[in-house]
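Undergrad: Let me begin by handing over the structure; questions about it come next.
The numbers here are math on the coordinates, done by the rules we state, and not lab data. All values derive from a computational prediction rather than experimental measurement. Here the Cβ positions follow ideal geometry from the backbone for every residue, glycine too, while neighbour counts run over all protein chains shown.
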Amino acid sequence: MEDNLANLKRGERCVITDVSSIHIPLKLLEMGCLPGNYVELVQVAPFQDPMYLNINGTHLAIRKETAIHILIKKIAYE
Amino acid sequence: MSKQINVALIGNPNTGKTSVFNALTGLNQKVGNYPGITVEKKEGICKLPRGVKAHIIDLPGTYSLNASSLDENVVIELLLNKNDKDFPDVAVVVSDVENLKRNLLLYTQIKDLEIPTILVINMADRMDYKGISLDLNYLEERLKTKIALVSTRKKQGIDRLKSLITNYKELSINHCIDLSEIDKNYFENLKTAFPNQLLYKLWLVITQDVNFGKADRNEIDAVTNFKTKSKADLKRLQQKETIKRYQFINDVLKKGQTIDIASAKDLRMQFDRIITHKIWGYLIFFVILLTIFQAIYDWSSVPMDFIDKTFAVLSEWTKTQLPKGAFTNLLAEGVIPGLGGIIIFIPQIAFLFLFISVLEESGYMSRVVFLMDRIMRRFGLSGKSIVPLISGTACAIPAIMATRNIESWKERLITILVTPFITCSARLPVYLIIISLVIPEGRIFGLGYQALTLMFLYLIGFLAAIISAYILNRVLKIKSKTFFVVEMPNYKLPLIKNVAITVLEKTKAFVFGAGKIILAISIVLWFLASYGPGENFNDAETITKKEYANQNLSAEELHQKIASHKLEHSYIGLTGRAIEPAIRPLGYDWKIGIAIVSSFAAREVFVGTLATIYSVGSDQEETIKNRMAGEINPILGGPLFNFASGISLLLFYAFAMQCMSTLAVVKKETNSWKWPALQLIIMSGFAYIVALIAFQVLK
């Protein structure tokens, strides 16, 4: 089922499936936000925004408005 | 003269690039600006074996050659311009062993420009801790380069780096990636059209909005079929390019790097769950801020008193020891107090930069950006605006320069426009002297009235900034792409050397930058106050003596009367009289008026100006203060500095835009006179109205 990154809850993990939206800045891809990479939500600020993510070992914060364009699939912890 | 090797240090932010720079050059470095823009240009000289020297440029940190900020533009502009005198003979790409994969993206881009490239893998001391091991021979072979494994913390690997730089001619200039595999058709066509040009360079010129050599751009525009691709198509190609680069990197690292996850430790996530927490995060931030302010005021008062006294003594000494004359007077009453007025700020500025640089070096500042983004966005600002707003308490100039990494132009512009409302250190001396004159010394709940007033002034400065940001956000119709990506780097213990160099540099920049203006103003003021037109000034002595002939004044009193008569008819006195009608409704006399006018060069001139105008020999605060307390309002009677005029003056200084250097920096950063002009008119107009209301209500 298609889902987007903004719906990720704290402690959940997901894998990125698609980042082809024009609203995703290139810089984010360059920092490792690419299909197939795993994402974990570290912390959210009040109102769920911005989101503090761990993408394959890169720790970064993005706003919710960007996160909704990143498509993901939630996965369970091994 | 032996030939210098031009070296460019390039790397992602937070890779310790500056530490490598400091290790190579030591104190042998200088900071300037790139022509026309205020991006800092750091360069230094490194001595290599056999008398060879390397000229090293520390380029701004960037994640990729696809620039998204002014700082990053500088990097590609240099790397694409072979004619630039700083064009590197060799590029040194600095990477962080913990984030090798991401750092290599930039590396593969640089390689595509066919510049000889050395790869530095920094922070090697953390490899064991992180369970990382590297197959350096394999990496060198696949990445077609030489690698220096460096730890600036343990001072390892720098010698190898130096010898690699010395022998840079042996480095390969082959690519890692074949661009044309991304879109065969498109890139083959490009290649055929420009057989003499580097493919990746063409691609960068097409996709970037930076100012390359005009020739390049025109050449490509002339052959129009390459622009036919829509923006979206180009972006799709860039995405493909990025994925392609990562495929290559992943492939290389699969064999070249092993990470033993079991022995890897990462306390960052545990830390950050608390430090960026909804409640604890804000509480910790608040406590840190409080501590900083407390420390700045407490710690700097001792050296400031010392500097104040030293200059008073020096001025006195000059007056008594040197031969009498105009030159001695200029020195003792103009230059020395002027210099003192600059140097007295050094302790505070240095402490503030010390704290800010520790917060940045440790990685904490990124957490604050994360915490504040949502709140700041309500007011049209970005989380990244918090850094300029905090540095604004030292000085608006470096603060405005710190806005450069805000990606959205609108958010950045608003931050630039509101930062001067933040109470900067130049307002402090004005606040302190007026508060001590007009606010009683009592206490409420254990807090002094005077301290509370000072806190209140900081608060209204901050509120003015936030509220005007909110209004600007509504009024300004600027459509700009807003995106927000902030890296949360690992926490690091700041390197003392790095912090020390930053503090030294910034303080130096303040002293020489602002200092020149303050010094010039005090000299000009002294001249204007010491000379005047016509008989009224030149015959002051005879006129005064005649006037007070039958009043039996002591020699001392008579001397005072002559001096004040002279002042009133000096150039400065005449100017003051001319502007008096405008400021009288605010409760000021012409002397305060002069002080305000000269404050437009720099606020801190206020106290010094009054010192000069009240013809006080020494500039000890007590003396000026007593003088000010003794001034009588010529129209209303009673002390000139009373509660009403004092509050009015404080509010005026809180809101008015009185700093030419800030205006100049705003002009540079926004590339237009419109914004500084608006700041000057709106802020000062608002200050006038508020001060007027305050005085008329309170008097």
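Undergrad: Please list the non-local residues whose amide H lies under 5 Å from the amide H of B:Lys41, H modeled 1.01 Å from N, same-chain partners needing a gap of 5 or more.
TA: Amide H to amide H, under 5 Å and 5 or more residues apart or across chains, B:Lys41 pairs with B:Gly32, B:Asn33, B:Tyr34.
Undergrad: May I ask what percent, to the nearest 5, of DSSP beta bridges between residues of chain B are antiparallel?
TA: Numbers: 18 of 39 bridges.
In chain B, DSSP labels about 45 percent of beta bridges as antiparallel.
Undergrad: In the range A:1-41, which GluC sites (Glu not before Pro) fall in coil by DSSP and have 10 or fewer other Cβ atoms within 10 Å?
TA: Working: sites: A:Glu2, A:Glu12, A:Glu30, A:Glu40; in loops: A:Glu2, A:Glu12.
Sites meeting the loop and neighbour criteria: A:Glu2.
Undergrad: Sum -39500 (n - 2.57) across every DSSP H segment of at least 4 residues in chain A, then divide by the residue count to get the 222 nm mean residue ellipticity, nearest 500. List each step's numbers first, then the result.
TA: Details: 2 runs with 9 residues, N = 78.
For chain A, the value works out to -2000 deg cm²/dmol.
Undergrad: Among the listed pairs A:Lys27/B:Lys130; B:Lys191/B:Lys235; B:Lys42/B:Lys667; A:Lys74/B:Lys384, give every one whose C-alpha distance is greater than 28 Å.
TA: Numbers: A:Lys27/B:Lys130 26 Å; B:Lys191/B:Lys235 20 Å; B:Lys42/B:Lys667 23 Å; A:Lys74/B:Lys384 30 Å.
As for pairs spanning more than 28 Å Cα to Cα, those are A:Lys74/B:Lys384.
Undergrad: So, one more: Going through the range B:39-94, which trypsin sites (Lys or Arg not before Pro) have at most 15 other Cβ atoms within 10 Å and a DSSP loop state?
TA: Hits after loop and neighbour filter: B:Lys82, B:Lys85.
Undergrad: Over the range B:4-170, what is the percentage of antiparallel beta bridges among all DSSP beta bridges, to the nearest 5?
TA: Of all bridge pairs located within the range B:4-170, approximately 35 percent are antiparallel.
Undergrad: Could you tell me whether the range B:4-170 comes out rounded, prolate or oblate from its Cα gyration tensor? Rule is a ≥ b ≥ c as square roots of the eigenvalues, rounded for a/c under 1.5, then prolate if a/b exceeds b/c, otherwise oblate.
TA: Judged from the Cα gyration tensor, the range B:4-170 comes out rounded (a/c under 1.5).
Undergrad: Can you work out the Karplus-derived ³J(HN,Hα) for every residue in the range B:567-580? Use 6.51 cos²θ - 1.76 cosθ + 1.60 with θ = phi - 60°, whole Hz, and x for glycine or proline.
TA: Karplus values, whole Hz, x for Gly and Pro: 4, 4, 9, 6, 4, 5, x, 5, 4, x, 4, 5, 8, 4.
Undergrad: On full extension of the chain, what length is gained from B:Trp673 through B:Glu170, given 0.36 nm per residue of separation minus the C-alpha to C-alpha distance? All intermediate terms of the calculation are to be shown ahead of the outcome.
TA: Values: separation 503, 0.36 × 503 = 181.08 nm, distance 5.02 nm.
Difference between extended and current length: 176.1 nm.
Undergrad: What's the average, rounded to a whole number, of partner chain beta-carbon atoms within 10 Å of each residue's beta-carbon in A:55-65? Before the final figure, lay out the partial values.
TA: Numbers: counts 1, 2, 8, 7, 12, 7, 13, 5, 10, 1, 3.
For peptide A:55-65, the averaged partner shielding equals 6.
Undergrad: If one computes the Cα centroid of the range B:292-331 and of the range B:656-699, what distance in Å separates the two points?
TA: Answer, in whole Å: 31.
Undergrad: While we're on this one: Per residue of the range B:540-553, what does 6.51 cos²θ - 1.76 cosθ + 1.60 with θ = phi - 60° give for ³J(HN,Hα)? Whole Hz please, x for Gly and Pro, Karplus curve as stated.
TA: Each residue of the range B:540-553 in turn: 3, 5, 5, 4, 5, 4, 5, 4, 9, 4, 9, 9, 6, 7 Hz.
Undergrad: Also: Hey, which lysines would be in cross-link range of B:Lys169, C-alpha to C-alpha under 24 Å, not counting anything within fewer than 8 residues on its own chain?
TA: Reachable lysines: B:Lys3, B:Lys17, B:Lys47, B:Lys53, B:Lys82, B:Lys85, B:Lys111, B:Lys144, B:Lys146, B:Lys201.
Undergrad: Give me, ordered by chain and number, the residues 5 or more places off A:Leu53 or on other chains with an amide H under 5 Å from its own placed amide H.
TA: A:Val42, A:Leu60, A:Ala61, A:Ile62
Undergrad: For the Cα atoms of chain B, what angle does the longest principal axis make with the long axis of helix B:70-80, in degrees from 0 to 90, nearest 10?
TA: 50 degrees
Undergrad: Counting other Cβ atoms within 10 Å of each Cβ, which trypsin sites (Lys or Arg not before Pro) in the range B:460-566 have at most 13 and sit in a DSSP loop?
TA: B:Lys477, B:Lys479, B:Lys481
Undergrad: I'd like the distance between the alpha-carbon centres of the range A:1-71 and the range B:114-143, rounded to an integer number of Å.
TA: The distance from the Cα centre of the range A:1-71 to that of the range B:114-143 comes to 28 Å.
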